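Chemist: Below is one structure. I have some questions about it.
The values are calculated or read from the model by the stated rules, or taken from the named source; none is laboratory data. Keep in mind the model is a prediction, meaning the values are calculated, not measured. All Cβ positions, even for glycine, are placed from backbone atoms using ideal geometry, and neighbour counts span all protein chains on display. What goes into the accessible areas is simple: the full protein's heavy atoms, side chains included, and nothing from ligands, DNA or RNA. Shrake-Rupley method; radii C 1.70, N 1.55, O 1.52, S 1.80 Å.
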Amino acid sequence: MADPTRHPFLEDLSKHRGAPPTAVVIFGASGDLTARKLIPAVYNLAADNLLPPDFHLVGYGRKEIADAEFRTLAADAIKEFSRRELSDDVWGRIAERTTYVAGGYDDPAAFDRLAEHLARIDEQIGREVQPLFYISTPPSVFEPILLNLGRSGLAQKHLGKPHHAKVIIEKPFGRDLTSALELNRTITSVLEEHQVYRIDHYLGKETVQDLLVQRFANSIFEPLWNRNFIDNVQITVAEEVGVGSRGGYYEQSGALRDMIQNHTMQLVALTAMEPPGSLDAEAIRDEKVKLLRAIQPLDPQHDVARAQYDAGMIAGKPEKGYLQEEGIAEASNTETYAAIRLSINNWRWQGVPFYLRSGKRMARRVTEIAVQFKRPPGTLFAGGGFDLATNTLSFQIQPDEGLSMVLNGKVPGLETRTQPVKMSFRYSTTFGSNTPEAYERLVLDAMIGDGTLFIRGDEAETSWKLYTPLLEAWAEAGRVGMDSYPAGSWGPANADELLDAGGHLWRKP
Ligand code: NDP
Ligand code: BG6
């Protein structure tokens, strides 16, 4: 008889994590993301013995870099950015299989050289190694890389076998619906959808995966998870950092493209989707797409707010305003903050507003999903002396990862007084604090061929379909309707008005 305490979802979650022999090829290997996230991720997978025995790392880029120099760059990146210190033993195992190929992204001859390089690795170890291409370059060269992977035959390598070529693509996945459709067309001209792993690193965060477990491995939430009990949902993705040295990139992006359209919408989808039939990648992605399709078109006048940060103080330090940052146009109309009211038109959620906000230079770095339940009827505990809060379940995605529930309790004493009390679970206290980084999980999943935590083409398109009319309306309006907020605050007045219209208030997480 099946063990009744063992939930089928957990059985699926603990499936074997073994990857076939793999050569990870990073395009843009001299870049920022490679140093800060990708090389440390590979290193930590090695430290956890999760890399396959025949693992190879190949850097690719236009810069001429010798193998030895690339190994030194990689070791330096591990020293600076890895969650674990560099150990000679662990690094030694990867270093001897780390090489570099120099070439342009639009140079067919260079891709032929790369193909020969990979064939030599196959020969050396005497078996076929699965190539996993990680496109970590600016988006302007996504397309030439994809086309050259197709032309050189690398994209088709081992197709039809479990260790066929796979491609991870970094964000941004287009900048509107038209460009996303175009990129998807290029991808499908070269690759089959199951070979493609579009990254949204939020899906690799432990707490984001925990959202699925909390929702579907506990029976107490599902009966309440609907319009009968939930009043509103607030999703906050707030950052303390400004645009820093990324002004050039950010001017072309803004909060809506950079954070809302992708990361924040993934949080919406996982919070609101129906239970999938299984933990299979397609089952989960089908449910996410269904949910995204049920979201009503946005009214640029009433459903949204945007703003830029002004000068202000964060942690006692003065910070400049967005317009004074390096690389920002004098009269820039790029928003550093966006707030959105989403209406989901299905049986579960009709009438329950989902409020989203994301901004740079806010009061503190916090990502949370707060599910606010309906007020209890004011029959027994109403009036003075009763400090009643709405019950709120909040998933603390980062930092201080965990889950908490606000309930109303009795204050000890001879009279009856109430006070909101908080029940909390903290990852660090229960499991310790050295949890894997998102990129570790995602690189491993792609090696294994598990696309659950990646974005499918239709998912990206559906999200762009929702936001493209808004981006167009903002582009046309210029700075009209752009509010501002002091650096270090919880955002602009127009975002407060957005909630006020529905009788709600933003939480101060
Ligand atoms: P970089 O600007 O550091 O570029 C990566 C590499 O690409 C460079 O080292 C360079 O290598 C090559 N490159 C740079 N500019 C060009 C260009 N105009 N044309 C052709 N090649 C160029 O990018 P990041 O590492 O910061 O980001 C890589 C990808 O990851 C981007 O798509 C970004 O949006 C995404 N991303 C980055 C994050 C980050 O924190 N950095 C976070 C989330 C996503 P070479 O000259 O040797 O060819
Ligand atoms: C990236 C954005 O995708 O996510 C950045 O381009 C942002 O602007 C970053 O700072 C936030 O990621 P995290 O994991 O620090 O919340």
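Chemist: Counting just the residues of region 63-92 that are in contact with a helix residue (DSSP H, G or I) (Cβ under 6 Å, 6 or more places away or on another chain) and of a type in the set (Val, Ile, Thr), which one comes out surrounded by the most Cβ atoms within 10 Å (Cβ to Cβ)?
Modeler: Step by step, filter region 63-92, then rank; the result is ILE78.
Chemist: So which of GLN252, GLN308 ends up being open to solvent by 30 Å² or more (accessible area, probe 1.4 Å) and among the polar types (S, T, N, Q)?
Modeler: GLN252
Chemist: For ALA95, which of the numbered conditions (1) closer than 22 Å to PRO436 by Cα; (2) open to solvent by less than 20 Å² (accessible area, probe 1.4 Å); (3) among the hydrophobic types (A, V, I, L, M, F, W, C); (4) in contact (Cβ under 8 Å) with a residue 40 or more places away in the chain fails to hold?
Modeler: Evaluating ALA95 over (1) closer than 22 Å to PRO436 by Cα; (2) open to solvent by less than 20 Å² (accessible area, probe 1.4 Å); (3) among the hydrophobic types (A, V, I, L, M, F, W, C); (4) in contact (Cβ under 8 Å) with a residue 40 or more places away in the chain leaves (4) as the failure.
Chemist: Okay, next question. Would you pick out the residues in region 229-246 that are part of a strand (DSSP E or B) and either within 16 Å of ligand 1 (Cβ to nearest atom) or open to solvent by less than 10 Å² (accessible area, probe 1.4 Å) (or both)?
Modeler: Selection gives ILE230, ASN232, VAL233, GLN234, ILE235, THR236, VAL237, ALA238.
Chemist: I would also like to ask the following. Determine which member of the set THR336, THR271 is surrounded by 17 or more Cβ atoms within 10 Å (Cβ to Cβ), out of contact with any Cys (no Cβ under 6 Å at 6 or more places or on another chain) and under 22 Å from GLU459 (Cβ atoms).
Modeler: From the options THR336, THR271, the qualifying one is THR271.
Chemist: I'd like to know if region 366-386 contains one or more residues that are without any contact (Cβ under 8 Å) to a residue 12 or more places away in the chain and β-branched (Val, Ile, Thr).
Modeler: Looking through region 366-386, at least one residue is without any contact (Cβ under 8 Å) to a residue 12 or more places away in the chain and β-branched (Val, Ile, Thr).
Chemist: Further question: Being assigned to a helix (DSSP H, G or I), open to solvent by 20 Å² or more (accessible area, probe 1.4 Å) and within 26 Å of GLN324 (Cβ to Cβ) is the filter here, so list the residues in region 477-509 that pass it.
Modeler: ALA477, ALA493, ASN494, ASP496
Chemist: Of the residues in region 176-223, how many are within 16 Å of ligand 2 (Cβ to nearest atom), assigned to a loop (DSSP other than H, G, I, E, B) and either in contact with a Leu (Cβ under 8 Å, 6 or more places away or on another chain) or modelled with pLDDT of 95 or more (or both)?
Modeler: 2
Chemist: Answer yes if at least one residue in region 36-49 is away from ligand 2 (no atom under 16 Å from the Cβ), within 24 Å of ALA438 (Cα to Cα) and assigned to a loop (DSSP other than H, G, I, E, B), and no otherwise.
Modeler: yes
Chemist: Keeping to region 360-386, report how many residues are farther than 29 Å from PRO297 by Cα, more than 15 Å from ligand 2 (Cβ to nearest atom) and in a loop (DSSP other than H, G, I, E, B).
Modeler: Number of matching residues: 11.
Chemist: For ARG357, are the conditions met, namely being assigned to a loop (DSSP other than H, G, I, E, B) and of a type in the set (D, E, K, R)?
Modeler: no
Chemist: Of the residues that make up region 119-129, is at least one free of Cβ contacts under 8 Å to residues at least 24 places away in the same chain and at positive phi?
Modeler: Yes, there is a match, as at least one residue in region 119-129 is free of Cβ contacts under 8 Å to residues at least 24 places away in the same chain and at positive phi.
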